[in-house]
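Visitor: Quick one: structure below, then a few questions.
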Amino acid sequence: MTTGDQGFHMSSADFRRNAHAAVDWVADYLDRVESLPVLSTVSPGDIRSALPAGPPERGEPFEAVLADLDRVLLPGITHWQSPGFFAYFPSNSSGPSIIGELLSAGLGVQGMLWATSPACTELETHALDWLAQLLDLPAAFHSSGSGGGVIQDTASSATLCALLAARERLGGDIRSMTAYTSTQAHSSVEKAVRVAGLDPALLRLVDVDESYAMRADDLAARLAADAAAGLRPAYVVATVGTTSSNAMDPVRPVGELARRHGAWLHVDAAMSGTAALCPEHRGIHDGLELADSYCVNPHKWMFVNFDCDAFYVADRRALVAALSVVPEYLRNPASDSGAVIDYRDWQIPLGRRFRALKLWAVIRHYGVVGLQHHVRAHIALAQDLAARVTAHPALELVAPAPLNLVCLAHREGDAATQRLLDAVNSSGEAYVTHTRLGGRLTMRVSIGAQRTAGRHVDRLWELVTEAA
Ligand code: PLP
């Protein structure tokens with residue numbers, strides 16, 4: 001440990017050496033991730049019991065940290081970047097995104113105000129306008145008009161911020177405000193209702209059709225009944241690609257109903273919005289011009305490391321009115337001029353990282369062509385798997401597979417489906433998770449990891465059919 005002018009800080013030379021070693025570690029890890037058991041099998045407490053009970057009195061060489069990464073932590077890692085990772089949803093990373101994260105960490109800026117680092121704000125606005133072009137989002141979501149985009153940590157935060165804006169726009173007593181989403185919506189909608197202080201009993205879970213998409217007729221009936229009862233419809237969340245089965249709520253009729261009742265429409269396209277990179281899949285966004293807000297997670301299926309949720313509003317006034325608090329110590333001429341965006345007014349925390357760097361790096365590395373190529377490849381793999389399931393005598397699709405998620409079950413029932421899940425997950429070669437659809441235990445196969453190729457889906461299929 002060097003002292004002197006540096007105190008106890010890492011010297012520039014040591015930083016360079018250790019950081020190079022860390023980058024080598026990551027590159028080697030990603031090269032060999034396929035050979036590691038996808039699902040960690042440690043027991044609760046295993047990792048902590050391998051760590052010293054207290055912190056070191058004197059600093060240690062960084063080599064010791066890297067050594068413990070291999071020795072202690074790696075057995076407790078479930079390998080989300082493995083090509084055999086088919087669980088939950090993709091949370092993929094990529095070379096340009098990892099480098100973007102590193103650069104952001106190196107700059108270490110806080111982007112709470114335009115004035116605290118103008119490039120942080122302006123690159124974010126610009127990258128989100130690029131993403132709006134890439135996904136062909138309605139003009140209102142571009143920063144050139146009344147709306148614009150902001151990077152939130154997660155879709156959950158976007159859902160909450162949209163509700164806070166909806167609450168602000170409607171005004172008045174929140175005790176009479178109602179909210180609507182389908183029975184298949186993500187749990188973050190219910191959490192947002194609770195956090196925002198609306199009555200959880202006034203969250204209406206709208207029925208779904210046989211494809212698990214929201215039934216507009218049931219939404220219409222519930223809105224009408226609530227309005228007739230003197231309640232005030234405030235917030236509707238439509239999902240483009242539900243978590244359980246990738247169902248697509250019909251945004252256009254839902255949006256028309258929301259407008260008719262003066263409710264805010266938020267569209268949650270956390271994973272599946274990425275498919276709109278490809279013109280042939282843009283139908284999932286039909287009616288999006290009726291939405292007040294929209295979110296997609298590039299940190300799911302668009303090769304950007306967690307966390308990066310792109311949240312758009314068609315009119316930013318209600319959002320800023322809901323979230324802007326200006327203490328004296330944050331006042332500055334640029335903010336006072338009204339000519340700049342201060343993103344702290346678009347989110348709940350004050351501080352914010354330079355997350356746009358990784359999104360920008362990814363878009364520049366892949367380009368439109370590269371992003372479309374990989375999304376199409378994942379969808380093709382999923383469609384091929386869905387066709388195999390349909391043709392198999394013992395298996396069946398439990399829900400339509402519009403994009404990159406395949407939901408299947410054994411025809412003999414839940415015990416047999418559980419056998420399939422166990423066979424896959426005990427193999428070490430692949431990892432899938434489950435849901436329940438129509439009461440049936442269902443295997444979800446989510447395809448979207450950066451390294452997943454045809455041979456990995458073939459191997460998964462072997463594991464499933466051997467156990468069928
Ligand atoms: N919405 C949908 C449709 C999702 O599938 C998910 C993730 O599973 C979420 C929201 C929550 O995402 P986040 O972790 O970004 O809050």
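The values are calculated or read from the model by the stated rules, or taken from the named source; none is laboratory data. For clarity, every value in this text was computed on a predicted model and none was experimentally measured. Reconstructed Cβ throughout: ideal geometry from the backbone, glycine too, with neighbour counts over all protein chains shown. Side chains included, ligands, DNA and RNA excluded: accessible areas come from the protein's heavy atoms. Shrake-Rupley method; radii C 1.70, N 1.55, O 1.52, S 1.80 Å.
Visitor: Give me a count of the residues in segment 268-310 that are more than 11 Å from the ligand (Cβ to nearest atom), in contact with a helix residue (DSSP H, G or I) (Cβ under 8 Å, 6 or more places away or on another chain), open to solvent by 10 Å² or more (accessible area, probe 1.4 Å) and in contact (Cβ under 8 Å) with a residue 60 or more places away in the chain.
Guide: Total satisfying the criteria: 7.
Visitor: Another one. Hey, among Val313, Val237, which residue is closer than 25 Å to His142 by Cβ, within 16 Å of the ligand (Cβ to nearest atom) and buried (at least 24 other Cβ atoms within 10 Å of the Cβ)? Before the answer, list the steps.
Guide: On the way: Val313 fails: within 16 Å of the ligand (Cβ to nearest atom).
Of the residues listed, the single one that is closer than 25 Å to His142 by Cβ, within 16 Å of the ligand (Cβ to nearest atom) and buried (at least 24 other Cβ atoms within 10 Å of the Cβ) is Val237.
Visitor: Specify which of the listed residues (Ala196, Ala224) is more than 16 Å from the ligand (Cβ to nearest atom), on the phi < 0 side of the Ramachandran plot and aliphatic (A, V, I, L, M). Don't jump to the end; show me each part of the working.
Guide: Details: Ala196 fails: more than 16 Å from the ligand (Cβ to nearest atom).
That would be Ala224, the only listed residue that is more than 16 Å from the ligand (Cβ to nearest atom), on the phi < 0 side of the Ramachandran plot and aliphatic (A, V, I, L, M).
Visitor: So is Leu288 in contact with a strand residue (DSSP E or B) (Cβ under 7 Å, 6 or more places away or on another chain) and more than 24 Å from Asn404 (Cβ to Cβ) or not? Show your work before the answer.
Guide: Numbers: in contact with a strand residue (DSSP E or B) (Cβ under 7 Å, 6 or more places away or on another chain): yes; more than 24 Å from Asn404 (Cβ to Cβ): no.
It is false that Leu288 is in contact with a strand residue (DSSP E or B) (Cβ under 7 Å, 6 or more places away or on another chain) and more than 24 Å from Asn404 (Cβ to Cβ).
Visitor: Next question. Could you check segment 389-409 and list, in sequence order, the residues that are open to solvent by 60 Å² or more (accessible area, probe 1.4 Å) and in a helix (DSSP H, G or I)?
Guide: Across segment 389-409, the qualifying residues are Thr390, Ala391.
Visitor: Return the total of residues in segment 183-206 being open to solvent by less than 60 Å² (accessible area, probe 1.4 Å) and of a type in the set (D, E, K, R). Before the answer, list the steps.
Guide: Looking only at segment 183-206, we keep the residues that are open to solvent by less than 60 Å² (accessible area, probe 1.4 Å), and these are 184-185, 188-189, 192-193, 196-198, 202-204, 206.
Cutting the leftovers down to of a type in the set (D, E, K, R) gives us 204.
Total meeting the criteria: 1.
Visitor: Which of the residues spanning segment 112-163 are polar (S, T, N, Q) and under 18 Å from Leu359 (Cβ atoms)?
Guide: Taking segment 112-163 first, the residues polar (S, T, N, Q) are 116-117, 121, 125, 133, 143-144, 146, 152, 154, 156-157, 159.
If the condition is that a residue be polar (S, T, N, Q) and under 18 Å from Leu359 (Cβ atoms), then Ser117, Thr121, Thr125, Gln133, Ser143, Gln152, Thr154, Ser157 are the ones that fit.
Visitor: Here is a further query. Determine if segment 410-417 includes at least one residue that is open to solvent by 10 Å² or more (accessible area, probe 1.4 Å) and in a helix (DSSP H, G or I).
Guide: Among the residues of segment 410-417, at least one is open to solvent by 10 Å² or more (accessible area, probe 1.4 Å) and in a helix (DSSP H, G or I), which makes the answer yes.
Visitor: Could you name every one of the helices (runs of 4 or more DSSP H) located completely within segment 1-77 that has at least 2 residues being modelled with pLDDT of 95 or more and surrounded by 14 or more Cβ atoms within 10 Å (Cβ to Cβ)?
Guide: Values: elements: 12-32, 46-49, 62-68.
Correct list: 12-32, 62-68.
Visitor: Does Arg355 qualify as being at pLDDT 95 or above and touching a helix residue (DSSP H, G or I) at 6+ places or on another chain (Cβ under 9 Å)? Quick ask: steps written out before the conclusion?
Guide: On the way: at pLDDT 95 or above: yes; touching a helix residue (DSSP H, G or I) at 6+ places or on another chain (Cβ under 9 Å): yes.
So Arg355 passes the test.
Visitor: Further, regarding this structure: Could you list, ordered by first residue, the pairs with Cβ atoms under 6 Å in which the first is in segment 83-112 and open to solvent by 40 Å² or more (accessible area, probe 1.4 Å) and the second is within 16 Å of the ligand (Cβ to nearest atom) and aliphatic (A, V, I, L, M), at least 6 apart or interchain?
Guide: Phe89/Met271
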